[in-house]
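Working notes, structure below.
The values are calculated or read from the model by the stated rules, or taken from the named source; none is laboratory data. Everything numeric here is computed off the predicted structure, so don't read it as measured data. FYI the Cβ positions are ideal-geometry reconstructions off the backbone, even for glycines, and counts take in every protein chain you see. These accessible areas exclude ligands, DNA and RNA; they are computed on the full protein's heavy atoms, side chains included. Shrake-Rupley method; radii C 1.70, N 1.55, O 1.52, S 1.80 Å.
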Amino acid sequence: MKRRNFLATTTVAALTASPIANLFARGYRPADDGKFTLLRGNVGYYTNRGGTIGVYLPGGMPEGGVIVDTQFPESAGALLADLKAKGKLAQLAVLANTHHHGDHTGGNGVFAEMASTHVAHARAKKNLMDNLAENDKAGTVPLPSTVFESGWSTNLPDGKETISLRHFGEAHTGGDAVVHFENANVAHLGDLLFNRRFPYIDPKAGGDIRNWASVMKKIRKSYDKDTLYIFGHAADEYPVVGTSSDIKAFELYLKSLQKYVKKEKKKGTSLDDLKAKTIIIPGAPEWKFGERLRDVNLSSMWELV
Ligand SMILES: [Zn+2]
């Protein structure tokens with residue numbers, strides 16, 4: 001068992017005591033390599049290929065669930081097949097996309113038709129349409145039917161949960177949303193947090209690596225110390241669920257990156273030399289995984305400082 005799974009499962013065992021939790025604790029496994037883990041208040045998450053999927057399974061009924069992000073058709077299909085087989089999910093109140101990237105929207109077609117509402121930030125919808133058109137794939141992935149600019153919220157049909165989406169400014173893309181299950185106090189951050197790995201940044205889609213740290217600070221201040229956060233991605237040894245201390249650590253990475261690139265640029269270091277000599281960003285040594293994206297982080301910041 002991977003350490004990431006072990007840590008997550010341990011957290012779950014400590015936090016949950018509902019019948020559904022017991023079902024999963026007894027070794028429930030979706031098809032393929034997928035893994036569903038219940039967190040608390042009927043909110044859980046699913047890891048397989050692509051960005052982490054958030055799931056709300058309403059208590060005592062298979063209607064009125066929520067899916068946050070959809071990975072790819074195959075993994076989304078595996079998740080749905082298993083939840084359906086267990087009688088846990090037959091219809092969705094809300095399908096939400098945290099942003100437009102293909103590893104978060106590729107499986108929209110699996111869930112869109114069973115959802116009463118499909119929601120995302122307005123810019124995320126535009127980004128998704130642009131991306132599909134550019135790749136000659138217009139019409140192949142269902143688009144959100146409901147969009148918002150600053151916030152959107154609804155009470156779920158089981159009467160036990162309220163889901164609210166908020167946009168805190170340009171960061172990973174220009175259309176990032178945080179999806180908060182208010183009663184469970186679990187917030188899905190999409191790709192606003194890459195846990196201990198160099199983040200992907202999409203300036204073409206409105207992303208702003210210089211603004212990202214202040215967005216994370218706003219998020220940290222908007223929820224509370226008990227909030228559990230689901231992350232889109234994590235380094236292999238780290239969990240995809242955490243707390244505000246993980247947000248703080250990521251803020252420190254982003255601020256350290258800005259300070260470092262600014263200083264090196266001022267010193268006359270070229271971007272090529274900076275890429276060649278940088279292994280970790282001074283001040284944020286925990287960010288050392290996903291080296292493929294380190295150069296992207298350096299050049300994106302280089303453009304802005
Ligand atoms: Zn992304």
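Structural remarks
- For residue 18, the conditions (1) on the phi < 0 side of the Ramachandran plot; (2) at pLDDT 90 or above all hold with the exception of (2).
- Pairs, first closer than 13 Å to residue 280 by Cβ and part of a helix (DSSP H, G or I) in the stretch 251-263, second open to solvent by 30 Å² or more (accessible area, probe 1.4 Å) and not acidic (Asp, Glu), C-beta under 9 Å, six or more apart: 252/283; 253/283; 256/282; 256/283; 257/283; 260/282; 260/283
- Of everything listed in (1) open to solvent by 30 Å² or more (accessible area, probe 1.4 Å); (2) at pLDDT 90 or above, the single unmet condition for residue 31 is (2).
Per-residue answers, yes or no, for (1) open to solvent by 70 Å² or more (accessible area, probe 1.4 Å); (2) farther than 13 Å from residue 106 by Cα; (3) part of a strand (DSSP E or B):
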{"position": "137", "(1), (2), (3)": "yes, no, no"}
{"position": "141", "(1), (2), (3)": "no, no, no"}
{"position": "152", "(1), (2), (3)": "no, yes, yes"}
{"position": "157", "(1), (2), (3)": "yes, yes, no"}
{"position": "165", "(1), (2), (3)": "no, yes, yes"}
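- Candidate set: the stretch 90-105, residues that are open to solvent by 10 Å² or more (accessible area, probe 1.4 Å) and closer than 11 Å to residue 190 by Cα; chosen: the one nearest to the ligand (Cβ to nearest atom): 101
- Only one of 155, 108 that is within 16 Å of the ligand (Cβ to nearest atom) and more than 30 Å from residue 295 (Cβ to Cβ): 108
- Residue within the stretch 187-210 that is touching a Leu at 6+ places or on another chain (Cβ under 8 Å), within 16 Å of the ligand (Cβ to nearest atom), open to solvent by 10 Å² or more (accessible area, probe 1.4 Å) and outside any strand (DSSP E or B) present: yes
- When restricted to residues that are farther than 27 Å from residue 151 by Cβ and either among the aliphatic types (A, V, I, L, M) or open to solvent by less than 50 Å² (accessible area, probe 1.4 Å) (or both), the stretch 235-251 contains 2.
- Of the residues examined, residue 87 is one that is away from the ligand (no atom under 16 Å from the Cβ), without any contact (Cβ under 8 Å) to a residue 60 or more places away in the chain, in a loop (DSSP other than H, G, I, E, B) and surrounded by fewer than 17 Cβ atoms within 10 Å (Cβ to Cβ).
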